[in-house]
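S.K.: This is the structure, below, for whatever I ask next.
The values are calculated or read from the model by the stated rules, or taken from the named source; none is laboratory data. Keep in mind the model is a prediction, meaning the values are calculated, not measured. As a convention, Cβ positions derive from the backbone with ideal geometry for all residues, glycine included, and neighbour counts pool all protein chains shown.
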């Protein structure tokens, strides 16, 4: 399909708007998720209970994302930005509800379910907006936008960390409402790229014949599905290190401000490599970049085990560069290039479901109970185990493979799909 001609000014405007959207998302993400574990434990919930609420948040995200992505694909005349704005508005309502939380487990479960089904489910559509701009000729640089998102996350880590230390953890409530409101405004003010044509016989046939069933999708999108499974394990490792950073930092003598600083260092150092994501895949094979980054998830987890002081823990965050920092933007690009035109919104949703959904679910389900029964290092061993699994799956999936495109459906199934 030939991309339409887009002026340089329009392309620049689209890039700036997408950068703004990414920044607003990651500012909001830190405010909602960065101290959620601390917020829950201060309300009297133990490690297992707090991780259960965050697991429920991940489950809600898993359920909601395919629903939103399917709706977006079936109603292409509705701009993705409006769906994102609605999701974030629901999350603001959930945050207002959080301000009334005392010690009710049922109420906490409902609040975090809504967080997962709304705000966390919005990220796949945020990514899809960037890919949609790129696919329609606007030349949006996803890596640059995501890099600015990391910068925003880093700034939030420092600022919110200090605010929590001086004003208490409840400060995350107004902070999130402010940042999320800005995200809604930025989303609605964005340009709307022209929708891709719906009449693409092959893409529509494939979607009707296969995407209605997960097993069929896996069979026809083997490279994407393998990378998705690897992403699940790698994000489980990341969740163990990220969700339980309060325990990890406290184990080496740090405080609540140090928790935010640790996350900020990781976000700051990953910024350049995220900006360079497009350059990397222009110089190196994309499957090699993914394999190398998956191996560094193992390296970072092992290094964290041996970080016996706060200074060493800060130093270990440099490994965020070749691990999560390199992996995240390249995996988003891979999802876009390994699926067809009619499937790419759903592909971003599936990748996010497997990573920030199922991956975080696994990490939180394992990490919380481990902390209630064993020393903090047990979570770090779990993170290492997940990273090893993810790297092995990535290597098996991509080694020696040259073609990452979906498998063509048979003529019989194509005919049946077109009926």
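S.K.: Are there any pairs with C-beta distances below 9 angstrom linking a residue in segment 81-107 that is on the phi < 0 side of the Ramachandran plot and without any contact (Cβ under 8 Å) to a residue 40 or more places away in the chain to a residue that is part of a loop (DSSP other than H, G, I, E, B) and surrounded by 13 or more Cβ atoms within 10 Å (Cβ to Cβ), with the two at least 6 apart or on different chains, and if so which?
M.R.: 107/101
S.K.: Among the listed residues 52, 85, identify the single one that is touching a helix residue (DSSP H, G or I) at 6+ places or on another chain (Cβ under 6 Å) and part of a helix (DSSP H, G or I).
M.R.: 85
S.K.: Residues that are touching a helix residue (DSSP H, G or I) at 6+ places or on another chain (Cβ under 7 Å) and at pLDDT below 85: list the helices (runs of 4 or more DSSP H) wholly contained in segment 347-419 that include at least 2 such residues.
M.R.: 360-373, 411-418
S.K.: Another question about this same structure. Which pairs have Cβ atoms under 7 Å, sit 6 or more apart or on different chains, and link a residue in segment 367-380 that is on the phi < 0 side of the Ramachandran plot and free of Cβ contacts under 8 Å to residues at least 40 places away in the same chain to one that is part of a helix (DSSP H, G or I) and buried (at least 22 other Cβ atoms within 10 Å of the Cβ)?
M.R.: 370/379; 370/382; 378/370
S.K.: Quick one: which residue in 144, 140, 164, 126 is crowded, with 18+ Cβ neighbours inside 10 Å, assigned to a loop (DSSP other than H, G, I, E, B) and touching a residue at least 24 places away in the same chain (Cβ under 8 Å)?
M.R.: None of the other options fit; the residue is 140.
S.K.: Here is a further query. Anything in segment 244-292 that is assigned to a loop (DSSP other than H, G, I, E, B) and either buried (at least 17 other Cβ atoms within 10 Å of the Cβ) or on the phi < 0 side of the Ramachandran plot (or both)? List them, or say none.
M.R.: Of everything in segment 244-292, those that are assigned to a loop (DSSP other than H, G, I, E, B) and either buried (at least 17 other Cβ atoms within 10 Å of the Cβ) or on the phi < 0 side of the Ramachandran plot (or both) turn out to be 244, 252, 254, 255, 276, 284, 285.
S.K.: Which of the numbered conditions does residue 10 fail, given that it passes all the others? Conditions: (1) in contact with a helix residue (DSSP H, G or I) (Cβ under 6 Å, 6 or more places away or on another chain); (2) surrounded by fewer than 22 Cβ atoms within 10 Å (Cβ to Cβ).
M.R.: Checking residue 10 against (1) in contact with a helix residue (DSSP H, G or I) (Cβ under 6 Å, 6 or more places away or on another chain); (2) surrounded by fewer than 22 Cβ atoms within 10 Å (Cβ to Cβ), the one that fails is (1).
S.K.: Under the condition of being assigned to a helix (DSSP H, G or I) and touching a residue at least 60 places away in the same chain (Cβ under 8 Å), which residue from segment 69-80 is nearest to residue 173 (Cα to Cα)?
M.R.: 80
S.K.: Regarding residue 133, is this residue surrounded by 20 or more Cβ atoms within 10 Å (Cβ to Cβ) and under 27 Å from residue 228 (Cα atoms)?
M.R.: Answer is yes for this residue.
S.K.: Evaluate segment 61-68: report whether one residue or more is crowded, with 21+ Cβ neighbours inside 10 Å, at pLDDT 85 or above, over 17 Å from the mean Cα position of the chain (by Cα) and in a helix (DSSP H, G or I).
M.R.: No, segment 61-68 has no match at all.
S.K.: Do the conditions hold for residue 304, that is, is it modelled with pLDDT under 85 and surrounded by 21 or more Cβ atoms within 10 Å (Cβ to Cβ)?
M.R.: No: the conditions fail for residue 304.
S.K.: Would a scan of segment 111-120 turn up a residue that is surrounded by fewer than 21 Cβ atoms within 10 Å (Cβ to Cβ), touching a residue at least 60 places away in the same chain (Cβ under 8 Å) and part of a helix (DSSP H, G or I)?
M.R.: No: segment 111-120 contains no residue that is surrounded by fewer than 21 Cβ atoms within 10 Å (Cβ to Cβ), touching a residue at least 60 places away in the same chain (Cβ under 8 Å) and part of a helix (DSSP H, G or I).
S.K.: Shifting gears a bit: Take segment 181-195 and flag every residue that is surrounded by fewer than 24 Cβ atoms within 10 Å (Cβ to Cβ) and either over 19 Å from residue 122 (Cβ atoms) or modelled with pLDDT of 90 or more (or both).
M.R.: 181, 182, 184, 185, 186, 188, 189, 190, 194, 195
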